[in-house]
Amino acid sequence: MSTVPAGFRQLKDQQIQPYLHETIVVPDELQSNVLVTTLDKVYNWSRKSSMWPLLFGLACCAIEMIATAASRYDLSRFGMEVMRPSPRQSDLMIVSGTVTKKMVPAIVRIYNQMAEPRYVLSMGACATGGGPFKEGYNVVSGIDKYIPVDVYVPGCPPTPEALMYGILKLHEKVERQSITTVAWYRKDQSEFVPVPRLGPDIFDPRQVELIKEHTLKAAAAPEAGQKKRSAEAAGGAASEGPREISSKAKQRMEEARRRHQAKQQA
Ligand code: SF4
């Protein structure tokens, strides 16, 4: 007498369906023992089934993330219950909360320390675009300006259900990747992201040449800017341009201009 419960065969067939190879047919007598699939499907299935998130939170959204991991919602059903305290052991960075300018360099540094394959999920309005603090003096308008984001979850805060939906979407993205084309197995394609610098304002070191060019242009023609501001003041319009720079700053810019010119002549 068979000990296999009724419906077990049907359930098993349904579960293995997504992993079967479409073009190779296994003979009926081998159906119970042989499963033909592709390397991509096995590889992606194993990666999506044990995607360990990085243990960090930035603001209120983090509370929802914690609730998602707790027993009511249970992230362990996706093999994600182990939130890692080390970027080296993490596959997924969930940016949950308000991203301040002070925090961006740390986030980018942590992202750079994560080993490939790595993914980023932007959770909530703040992480995605600044949220209620958009254009505040200390908040950046979205973490995607600094690191590549794979999935955005809207909301303020997103519910645990919304986060889980975002995770499922990320799983779908993983399933579509192929071992033959992914960046981390190709030479020179997995890039180190430059860590932004926190100065008077945060800036991206990749834009440093552009910033330098604008600064030098302004330093080379300070009278033009001054004339414009004087005209604005005379016309009664509120001056929205930059304020008069100090003599110390002018001196620094003059030195930078000289260094730049010397470098170009060399
Ligand atoms: S999106 Fe809303 S809940 Fe999330 S960190 Fe920003 S303010 Fe808080």
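For the range 170-194, taking the residues that are open to solvent by less than 30 Å² (accessible area, probe 1.4 Å) and aliphatic (A, V, I, L, M), the one that is farthest from Met65 (Cα to Cα) is identified as Val182.
Among the residues of the range 167-174, is any over 21 Å from Asp204 (Cβ atoms) and touching a Leu at 6+ places or on another chain (Cβ under 8 Å)? Yes; the residues of the range 167-174 include at least one that is over 21 Å from Asp204 (Cβ atoms) and touching a Leu at 6+ places or on another chain (Cβ under 8 Å).
Which residue is nearest to Arg197 (Cα to Cα), if the candidates are limited to the range 77-97 and must be in a helix (DSSP H, G or I) and either open to solvent by less than 50 Å² (accessible area, probe 1.4 Å) or within 16 Å of the ligand (Cβ to nearest atom) (or both)? Checked the range 77-97; the qualifying residue nearest to Arg197 (Cα to Cα) is Pro87.
All told, Thr100 falls short of being open to solvent by 20 Å² or more (accessible area, probe 1.4 Å), away from the ligand (no atom under 15 Å from the Cβ) and of a type in the set (Ser, Thr, Tyr).
Residues that are within 13 Å of the ligand (Cβ to nearest atom) and open to solvent by 30 Å² or more (accessible area, probe 1.4 Å) were ranked within the range 105-130; the one that is farthest from the chain's Cα centre (by Cα) is Ala125.
Take the conditions among the aliphatic types (A, V, I, L, M), out of contact with any Phe, Trp or Tyr (no Cβ under 9 Å at 6 or more places or on another chain) and away from the ligand (no atom under 16 Å from the Cβ) and apply them to Leu58. Does it pass? It is false that Leu58 is among the aliphatic types (A, V, I, L, M), out of contact with any Phe, Trp or Tyr (no Cβ under 9 Å at 6 or more places or on another chain) and away from the ligand (no atom under 16 Å from the Cβ). Among residues of the range 133-146 that are touching a residue at least 60 places away in the same chain (Cβ under 8 Å), those with a beta-carbon under 9 Å from a residue that is open to solvent by 30 Å² or more (accessible area, probe 1.4 Å) and assigned to a loop (DSSP other than H, G, I, E, B) at least six positions away or on a different chain give the pairs Val140/Lys101; Val140/Met103; Val140/Tyr146. Quick check on the range 146-169: of everything there that is in a helix (DSSP H, G or I) and touching a helix residue (DSSP H, G or I) at 6+ places or on another chain (Cβ under 9 Å), which residue is surrounded by the fewest Cβ atoms within 10 Å (Cβ to Cβ)? So, considering only residues that are in a helix (DSSP H, G or I) and touching a helix residue (DSSP H, G or I) at 6+ places or on another chain (Cβ under 9 Å), the one surrounded by the fewest Cβ atoms within 10 Å (Cβ to Cβ) is Glu161. Of all residues in the range 51-63, those being part of a loop (DSSP other than H, G, I, E, B), surrounded by fewer than 19 Cβ atoms within 10 Å (Cβ to Cβ) and out of contact with any Cys (no Cβ under 9 Å at 6 or more places or on another chain) number 3. Per this entry, Ile66 is not counted among residues that are away from the ligand (no atom under 15 Å from the Cβ), open to solvent by 20 Å² or more (accessible area, probe 1.4 Å) and in a helix (DSSP H, G or I). With respect to (1) out of contact with any strand residue (DSSP E or B) (no Cβ under 6 Å at 6 or more places or on another chain); (2) within 15 Å of the ligand (Cβ to nearest atom); (3) open to solvent by 30 Å² or more (accessible area, probe 1.4 Å), the lone exception for Gly142 is condition (3).
The values are calculated or read from the model by the stated rules, or taken from the named source; none is laboratory data. Note that the structure is a prediction, hence the values are computed from the model and not measured. Cβ coordinates were reconstructed from backbone atoms using ideal geometry, including for glycine residues, and neighbour counts include every protein chain displayed. The area values use the complete protein model at the heavy-atom level, side chains included, leaving out ligands, DNA and RNA. Shrake-Rupley method; radii C 1.70, N 1.55, O 1.52, S 1.80 Å.
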